[in-house]
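Chemist: Sending over a structure as structure tokens; questions will come in a sec.
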């Protein structure tokens, strides 16, 4: 892959003039003050190479008059970064599991009882992956108390904006199960498809949740 760029001349051997070029399929993420050069450089990294050679071949712009100090030490400094944004193919799939311990919902008081608990909310996802969330609710000895229905979280939009997904998880209080809750195992299954495949991950991508809880059937208090 070959591309051309020009460097302005310095007025003296002691002066450095900095010039920046952004070589990429698009100018998304281009730093301020850089000049954009459109090149499909992503094709160089399929598959990931063992090495990368950058060969600079400078030529003098003969349209200008130049003066050279024969005893001066001229220098040309080159600094470069290679940024490879991740994209996912249509068959991509990954599973991530995390367990939250020592959970106390405050329902262990002997004078309080509740018919059940419902978690409702909205998850906003801008990551270009479909997410499936599975929960396993356990007591302190890792005995399973409940396995609520899996929740689907829609993938973010191709332009990087967030997409909302509503969810609802209902837990019944069978045998004072709510008071026994101590651990929640979360399993995220991330998948791609032909619609979102090829959308790059950006530093600005996010996932956030707004959660609310309500007691089903109210709370009974023994006076």
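Chemist: Residues that are out of contact with any strand residue (DSSP E or B) (no Cβ under 8 Å at 6 or more places or on another chain) and closer than 24 Å to residue 25 by Cβ: list the strands (runs of 3 or more DSSP E) wholly contained in the range 143-201 that include at least 1 such residues.
Modeler: Once the strands (runs of 3 or more DSSP E) in the range 143-201 are filtered for at least 1 residues that are out of contact with any strand residue (DSSP E or B) (no Cβ under 8 Å at 6 or more places or on another chain) and closer than 24 Å to residue 25 by Cβ, nothing remains.
Chemist: Return the residue satisfying two criteria in turn: it lies in the range 32-63 and is at pLDDT below 85 and not in a loop (DSSP other than H, G, I, E, B), and of such residues it is surrounded by the most Cβ atoms within 10 Å (Cβ to Cβ).
Modeler: Only one residue fits best here, namely 41.
Chemist: Collect the residues in the range 202-223 that are within 30 Å of residue 27 (Cα to Cα) and modelled with pLDDT under 80, keeping them in residue-number order.
Modeler: 202, 203
Here is a yes/no grid of residues against (1) at pLDDT 80 or above; (2) within 30 Å of residue 212 (Cα to Cα):
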{"position": "65", "(1), (2)": "yes, no"}
{"position": "76", "(1), (2)": "yes, no"}
{"position": "90", "(1), (2)": "no, no"}
{"position": "109", "(1), (2)": "no, yes"}
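Chemist: Applying the selection to the range 1-31, what residues are part of a loop (DSSP other than H, G, I, E, B) and within 23 Å of the chain's Cα centre (by Cα)?
Modeler: Result: 25, 26, 27, 28, 29, 30, 31.
Chemist: Looking at 161, 142, which one is at positive phi and at pLDDT 85 or above?
Modeler: 142
Chemist: Here's something else I'd like to know. Which count do you get for residues in the range 184-201 that are modelled with pLDDT of 85 or more and within 19 Å of residue 120 (Cα to Cα)?
Modeler: Total satisfying the criteria: 2.
The values are calculated or read from the model by the stated rules, or taken from the named source; none is laboratory data. Every value quoted in this text rests on a predicted model; they were computed, and no experiment measured them. Using ideal geometry, Cβ is built from the backbone for each residue, glycine included, and neighbour counts are taken over all protein chains shown.
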